[in-house]
Amino acid sequence: MAKNIRYVKVADKNEAAGIVLERMREELAGGLEVLGLATGSTMEPIYEAWAGSDLDFSGVTSFNLDEYVGLGADNANSYAWFMNQHLFSKKPFKETNIPDGTADNLAEECEEYEARLRDAGIDLQFLGVGENGHIAFNEPGTPFTSITHVTQLTDSTLGVNSQYFEDRSAIPETALTMGIASILSAKKIILIAFGEKKRHALEQLAKGQETTEFPITALLSHQDVTIITDLDNIQP
Ligand code: GLP
């Protein structure tokens, strides 16, 4: 078993939210300044617990993983909207950063975003995982050396994520995403995965073999990863 990966088995989302809340409390007390944030349904109970807590993020700068191309903060399907809705409107941060999917020059936006996050240095990065093993929007095949870039979403991701869009055709087929190397630059990583739909992806990680076919396996080379999951029999 990879020594850098610690598994925390939880009974349910509530237990996970409680554990993450206490971990955040410790990290903040320990001087955390830069936090990497994720979106997706997995993060909702986590942010709900933070929002209802006494945690103070007013000294924290955040960087989100990704954003759909073409969707601005005023669009209810954008990740900027999600973050405002679930966290930023409830907890003040020192500064928040989300890649701008409406930028005129997306390549430039990616370059600047990468420079900002490298300059800040992420202390702790939260991650979910896609059913196909993607992390952020790094789809299968993405090099582990990738930095923030524009990505083409796969049919699998479009299929899964279109459930949040009223009209299937309204989901953007491209997104801006931190790269795998950007994510691995964080000092610590916490990945959260709930439900059987995520079993296949976690099984690939448990095999202990890095492969770009399953971006989640990039975590095998990171020095400090915690996996929080309600899945049984997933630890190597
Ligand atoms: C999206 C995001 C990922 C997230 C994944 C899982 O594709 N880009 O960062 O991890 O969804 O989403 P959920 O938590 O809804 O299962």
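The values are calculated or read from the model by the stated rules, or taken from the named source; none is laboratory data. Predicted model only: the values in this text are computed from it and were never measured. Ideal geometry is used to build each Cβ from the backbone, glycine not excepted, and the neighbour counts take in all protein chains shown. Quick note on the areas: whole protein, heavy atoms, side chains included, nothing else; ligands and nucleic acids left out. Shrake-Rupley method; radii C 1.70, N 1.55, O 1.52, S 1.80 Å.
The table below gives the values:
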| item | result |
| --- | --- |
| Cα-based Rg / Dmax (Å) for the range 13-143 | 14.7, 42 |
| DSSP beta bridges in the range 102-236 [antiparallel fraction, %, rounded to 5] | 35 percent |
| Amide H partners (placed H, <5 Å) of Asn64, local residues excluded | Leu37, Asn97, Ile98 |
| Kirkwood Rh and Cα Rg combined as Rg over Rh, evaluated for the range 85-236 | 0.96 |
| The range 29-143, relative contact order in percent, only Cα pairs under 8 angstrom and at least six apart counted | 34 percent |
| At least 27 Å along the helix axis (C-alpha) and Kyte average at least -1.0, DSSP helices within the chain | none |
| Computed FRET value (nearest 0.05) for Tyr164 with Gln209, which takes r as the C-beta separation and R₀ as 41 Å | 0.80 |
| Residues Asp119 and Asn4, FRET efficiency given R0 of 35 Å [Cβ-Cβ distance, rounded to 0.05] | 0.85 |
| Within a Gaussian network of the chain (alpha carbon springs, distance under 10 Å), most fluctuating of Val150, Val160, Val225 | Val160 |
| Lys13 - accessible surface, heavy atoms, 1.4 Å probe, Å² rounded to 10 | 100 Å² |
| The chain - percent relative contact order, Cα under 8 Å, separation 6 or more | 26 percent |
| Top of Ser41, Ser78, Ser182 by mean-square fluctuation, Gaussian network on the chain, Cα under 10 Å | Ser41 |
| Helix-only mean residue ellipticity at 222 nm for the chain, each DSSP H run of n ≥ 4 adding -39500 (n - 2.57), per residue, nearest 500 | -8000 deg cm²/dmol |
